[in-house]
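Take a look at the structure set out below.
The values are calculated or read from the model by the stated rules, or taken from the named source; none is laboratory data. All of these numbers come straight from a predicted model, not from anything done at the bench. In this analysis, Cβ positions are derived from the backbone assuming ideal geometry, glycine residues included, and neighbour counts consider all displayed protein chains.
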Amino acid sequence: MSDIEKHVTQLGQSSELPSNPLEATLDKVPNPQADTAYVARFTCPEFTSLCPVTGQPDFAHLMIDYVPKEWLVESKSLKLYLSSFRNHGAFHEDCTVAIGKRIADLLDPHFLRIGGYWYPRGGMPIDVFWQMGTCPDKVWLPDQNVPSYRGRG
């Protein structure tokens with residue numbers, strides 16, 4: 001069994017969408033460039049969760065940047081994990097921070113940041129940002145370049 005096969009449960013096979021984030025499995029794979037500091041970025045422009053009060057859908061553009069050490073998050077498991085929020089009721093702040101912490105706990109990266117750029121609820125957008133660690137020197141950390149929500153003004 002390879003190092004990758006030891007740590008993945010969903011890659012290369014049919015996988016069901018988890019019913020909620022607590023049931024979702026996040027897999028990790030060995031970082032083949034562990035001796036090099038670099039940024040890996042995941043963008044989820046159509047993230048969906050439910051308002052815990054009204055049950056109405058909430059939408060966000062999520063941007064996850066991290067500088068890995070020994071492990072990378074396996075992308076299929078990340079997609080399934082993020083999709084599991086679509087039937088999960090939680091406030092914007094909880095969704096964004098919980099995702100960042102879950103990935104950080106899995107990987108123990110040098111640095112991780114998540115930006116949750118939420119579409120308006122009740123006429124007001126709520127953007128949520130969380131990070132852990134410090135980006136290493138000489139690592140190019142691009143701006144997330146997600147514009148603040150702007151209505152007709």
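Couple of notes before you dig in:
- Hits in the stretch 117-153 (condition: among the hydrophobic types (A, V, I, L, M, F, W, C), closer than 13 Å to residue 95 by Cβ and either over 15 Å from the mean Cα position of the chain (by Cα) or in a loop (DSSP other than H, G, I, E, B) (or both)): 126
- Residues that are over 12 Å from the mean Cα position of the chain (by Cα), of a type in the set (S, T, N, Q) and either farther than 30 Å from residue 138 by Cα or in a strand (DSSP E or B) (or both), drawn from the stretch 22-47: 25
Matching residues to (1) among the aromatic types (Phe, Trp, Tyr); (2) crowded, with 19+ Cβ neighbours inside 10 Å:
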{"position": "71", "(1), (2)": "yes, no"}
{"position": "76", "(1), (2)": "no, no"}
{"position": "96", "(1), (2)": "no, yes"}
{"position": "130", "(1), (2)": "yes, no"}
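- Annotation note: of 109, 120, 147, 142, the sole residue that is loosely packed, with under 14 Cβ neighbours inside 10 Å and modelled with pLDDT of 95 or more is 142.
- Residue identified as of a type in the set (Asp, Glu) and over 17 Å from residue 78 (Cβ atoms) among 105, 143: 143
- One residue from 114, 103, 99 being closer than 24 Å to residue 19 by Cβ, of a type outside the set (Lys, Arg), touching a strand residue (DSSP E or B) at 6+ places or on another chain (Cβ under 7 Å) and not in a helix (DSSP H, G or I): 114
- Note on the stretch 118-141: residues that are under 12 Å from residue 58 (Cβ atoms), of a type outside the set (A, V, I, L, M, F, W, C) and touching a strand residue (DSSP E or B) at 6+ places or on another chain (Cβ under 7 Å) amount to 3.
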